Structure formats: structure tokens, C-alpha cells
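*Asks:* First the structure, then my questions, so here it is.
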Amino acid sequence: MKQITLNINEIQLNKSNPRIIKDENFEKLVKSIQDFPEMLDIRPIVVNKDMVILGGNMRYRACVEAGLTEIPVIIA
């Protein structure tokens, strides 16, 4: 599998994902991405061929909140 960079608007949340990070923990994730965006290269968002997130819904939401326009992804 190859890592690529996509426009954040091309990616879709997985509506059936049960994991949610709220409040303070979500704010910490956003700050972590703002302070160390290279972390996303180490642990990219995983999507399917339809660009629906298979792994990383909360990281994706944190990227949106952090104002990123492009993020690294792996298409499974």
C-alpha cells in the first residue's frame, strides 16, 4: 500500500465508526496535530477506494479542526 496526500475535502467520515473522543482529549489531539503534523506521516488516515475512512476518524476530525487542507492517507 502506498501513502499519498489528499485534499481533506476528498475524504469522507465513516458514519458507522463507534469511536469518539470528546472535550479535553479531542482538544489535546488537535493541539498535537498542530504542534507535530509530521505525526500524520507516521500514522496516516486509512481509507477505502471510495475515500471512506477505515482508520482515523478522530484524527481526521482533529485535522479539520486544526485547519489542515491536505493530509496523508493510505488507500486500503
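*Asks:* Name the single residue, out of those in segment 1-23 being assigned to a helix (DSSP H, G or I) and at pLDDT 95 or above, that is nearest to A66 (Cα to Cα).
*Replies:* That would be I8.
*Asks:* Filter segment 12-45 for residues that are free of Cβ contacts under 8 Å to residues at least 40 places away in the same chain and of a type in the set (S, T, N, Q) and give the result.
*Replies:* Residues satisfying the conditions are S16, N25, S32, Q34.
*Asks:* Go through (1) without any contact (Cβ under 8 Å) to a residue 40 or more places away in the chain; (2) assigned to a strand (DSSP E or B) one by one and return the number of the condition V73 breaks.
*Replies:* (1)
*Asks:* State yes or no: is F26 over 11 Å from the mean Cα position of the chain (by Cα), over 20 Å from A76 (Cβ atoms) and open to solvent by less than 90 Å² (accessible area, probe 1.4 Å)?
*Replies:* So F26 passes the test.
*Asks:* Any residue that is of a type in the set (S, T, N, Q), open to solvent by 90 Å² or more (accessible area, probe 1.4 Å) and either at pLDDT 95 or above or in a loop (DSSP other than H, G, I, E, B) (or both) - is there at least one of those in segment 39-58?
*Replies:* No, every residue in segment 39-58 fails to be of a type in the set (S, T, N, Q), open to solvent by 90 Å² or more (accessible area, probe 1.4 Å) and either at pLDDT 95 or above or in a loop (DSSP other than H, G, I, E, B) (or both).
The values are calculated or read from the model by the stated rules, or taken from the named source; none is laboratory data. Quantities reported herein were computed from a predicted structural model and do not represent experimental measurements. So basically every Cβ, Gly included, is an ideal-geometry build from the backbone, and we count neighbours across all protein chains shown. In case anyone asks, the SASA skips ligands and DNA or RNA and just uses the protein heavy atoms, side chains included. Shrake-Rupley method; radii C 1.70, N 1.55, O 1.52, S 1.80 Å.
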